[in-house]
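Working notes for the structure below.
The values are calculated or read from the model by the stated rules, or taken from the named source; none is laboratory data. Everything numeric in this text was worked out from a predicted model, so none of it was measured. Heads up, the Cβs are rebuilt from the backbone with ideal geometry, glycines too, and the neighbour counts pull from every protein chain shown.
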Amino acid sequence: MPVKAKVENMVSAIVVDQNIDLKKFASSVKGLEYNPNRFPGVVYRIREPKLAMLIFGSGKIICTGARSKEDITTAVKKLIEKFKEGKIYIKKKPRIEVQNIVASAKIGVKVNLDMLAMEAMNTEYEPEQFPGLVFRLAEPKTVMLVFRSGKMIITGAKTPEDANKAAEKTKRAIEKIGAII
């Protein structure tokens, strides 16, 4: 049975190609957090979809907490409305680029991490420091955290499809090595 990765967090960079007066923006719109002594950007938290946008004066925005590209698109529309509310008009369509996807998956069997660490390339395993094995894949370029329970955390994927491929490739490597308990 194929392994299906569940997207937990999709981090994206959004660029609006213009400077934003953060002080003016934060003071004219409700629902924003701005404390330049603690953080150099404005924090805009959205309840639905539940995520946060970190807005910087350069026009760069980091969106974190999304679980899909649709969440990001919805959040950008809501942000543009917030900008309009603050009398900031975005001249160009924002560019959106997914930077990192964090996903989880279950193999469905327990894994012998000692055997996997000895037999597989590109692994790190120090059970005294951390209970999971770090497994780096070149293609798709991801880092997998594999736990004895058969659960995995996938980081570094750029698309949900890459997260699925990485989970499946890791499962096949575990099966090929015979590191199943």
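Condition first: in contact with a helix residue (DSSP H, G or I) (Cβ under 6 Å, 6 or more places away or on another chain) and either under 17 Å from residue 156 (Cα atoms) or modelled with pLDDT under 95 (or both). Now tell me which residues in the range 121-134 satisfy that. Working first, answer last.
So in the range 121-134, the residues in contact with a helix residue (DSSP H, G or I) (Cβ under 6 Å, 6 or more places away or on another chain) come out as 123, 125, 133.
Within the range 121-134, 123, 133 meet the criteria.
Which pairs have Cβ atoms under 6 Å, sit 6 or more apart or on different chains, and link a residue in the range 34-55 that is surrounded by 14 or more Cβ atoms within 10 Å (Cβ to Cβ) to one that is part of a loop (DSSP other than H, G, I, E, B)?
41/56; 54/41; 55/41
Could you tell me which residue of the range 48-67 is nearest to residue 17 (Cα to Cα), considering only residues that are small (Gly, Ala, Ser) and touching a Ser or Thr at 6+ places or on another chain (Cβ under 9 Å)?
52
Out of all the residues in the range 1-25, which are in contact with a Pro (Cβ under 9 Å, 6 or more places away or on another chain) and within 20 Å of residue 94 (Cβ to Cβ)?
Of everything in the range 1-25, those that are in contact with a Pro (Cβ under 9 Å, 6 or more places away or on another chain) and within 20 Å of residue 94 (Cβ to Cβ) turn out to be 10, 14, 15, 16, 17, 22.
So is residue 43 touching a Lys or Arg at 6+ places or on another chain (Cβ under 6 Å) and not assigned by TED's automatic domain parsing to the domain that holds residue 160 or not?
No, not satisfied.
Those residues that are in contact (Cβ under 8 Å) with a residue 60 or more places away in the chain and assigned to a helix (DSSP H, G or I), I need them from the range 151-169; list them, please.
Answer for the range 151-169, where residues must be in contact (Cβ under 8 Å) with a residue 60 or more places away in the chain and assigned to a helix (DSSP H, G or I): 160, 162, 163, 164, 166, 167, 168.
I need every pair where a residue in the range 1-30 that is assigned to a loop (DSSP other than H, G, I, E, B) has its Cβ under 8 Å from the Cβ of a residue that is acidic (Asp, Glu), sequence separation at least 6 or different chains.
2/168; 3/168; 29/85
Those residues that are of a type in the set (D, E, K, R), surrounded by 13 or more Cβ atoms within 10 Å (Cβ to Cβ) and not in a loop (DSSP other than H, G, I, E, B), I need them from the range 56-73; list them, please.
60, 69, 71
Report yes if residue 114 is assigned to a helix (DSSP H, G or I), modelled with pLDDT of 95 or more and under 30 Å from residue 72 (Cβ atoms), otherwise no. Working first, answer last.
Working: assigned to a helix (DSSP H, G or I): yes; modelled with pLDDT of 95 or more: yes; under 30 Å from residue 72 (Cβ atoms): no.
The answer is no for residue 114.
So which of 77, 82 ends up being under 19 Å from residue 14 (Cβ atoms), in contact with a helix residue (DSSP H, G or I) (Cβ under 9 Å, 6 or more places away or on another chain), assigned to a helix (DSSP H, G or I) and among the charged types (D, E, K, R)? Outline the logic, then answer.
On the way: 77 fails: in contact with a helix residue (DSSP H, G or I) (Cβ under 9 Å, 6 or more places away or on another chain).
It is 82.
Hey, residue 108 hits all of (1) surrounded by fewer than 19 Cβ atoms within 10 Å (Cβ to Cβ); (2) at pLDDT 95 or above; (3) more than 22 Å from residue 69 (Cβ to Cβ); (4) more than 15 Å from the chain's Cα centre (by Cα) but one; which does it fall short on?
Residue 108 satisfies all of (1) surrounded by fewer than 19 Cβ atoms within 10 Å (Cβ to Cβ); (2) at pLDDT 95 or above; (3) more than 22 Å from residue 69 (Cβ to Cβ); (4) more than 15 Å from the chain's Cα centre (by Cα) except (2).
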